[in-house]
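Reviewing the structure listed below.
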Amino acid sequence: RLDEGKVLEKYLTLNLNNILELLTQVVPFEKERIETIKERFNKRLEELKVDVDQNRFEQELIFYLEKFDITEEKVRLKNHCEYFLKELAGTESNGKKLGFISQEIGREINTLGSKSNHSEMQKIVVQMKDELEKIKEQSLNIL
């Protein structure tokens, strides 16, 4: 039973580290997606051929971009993963607690996906979800 537990711990640690690695792969796309949104807005305004108050446009653009900011989700996802690893390394066996933490991880991954608005970021999110699904399956084996 101890040997199985150690193997399971290594497997779960690997999956969580994969999620954390995938999270670092999101960073390069953040600036690109913001530039893409700005360009799309400017193109649509040109197509409409209307005069727009530039200050007002910039304010609205900032407001819109703030809705897509994923900084909080990245921080929370990292914290949840670290908390999971800490609990996993603890002396008490608490599968339910790990299940609850994995639910929180899933929420952050889902929010990342819904806010990403970028195909490459969404591919990374799908990979994160795959890793999380493996964690959830194996967490059920912990008493």
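Where a number appears in this text, it was derived from the coordinates with a stated rule and is not lab data. This structure is a prediction, so every number in the text was calculated from the model and none was measured. Cβ coordinates were reconstructed from backbone atoms using ideal geometry, including for glycine residues, and neighbour counts include every protein chain displayed.
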Discussion item. Only one of 7, 26 is assigned to a helix (DSSP H, G or I), farther than 15 Å from residue 102 by Cβ and within 14 Å of the chain's Cα centre (by Cα). Can you tell me which?
Written reply: 26
Discussion item. Looking at segment 10-23 only, could you name the residues that are within 14 Å of the chain's Cα centre (by Cα) and of a type in the set (D, E, K, R)?
Written reply: 21
Discussion item. Considering only residues that are farther than 21 Å from residue 43 by Cβ and among the polar types (S, T, N, Q), which ones fall in segment 58-95?
Written reply: 71, 79, 91, 93, 94
Discussion item. Go through (1) more than 13 Å from the chain's Cα centre (by Cα); (2) free of Cβ contacts under 8 Å to residues at least 12 places away in the same chain for residue 75 and report which single condition fails.
Written reply: (1)
Fill in: Number of positions in segment 45-94 that are closer than 30 Å to residue 136 by Cβ and loosely packed, with under 10 Cβ neighbours inside 10 Å
5
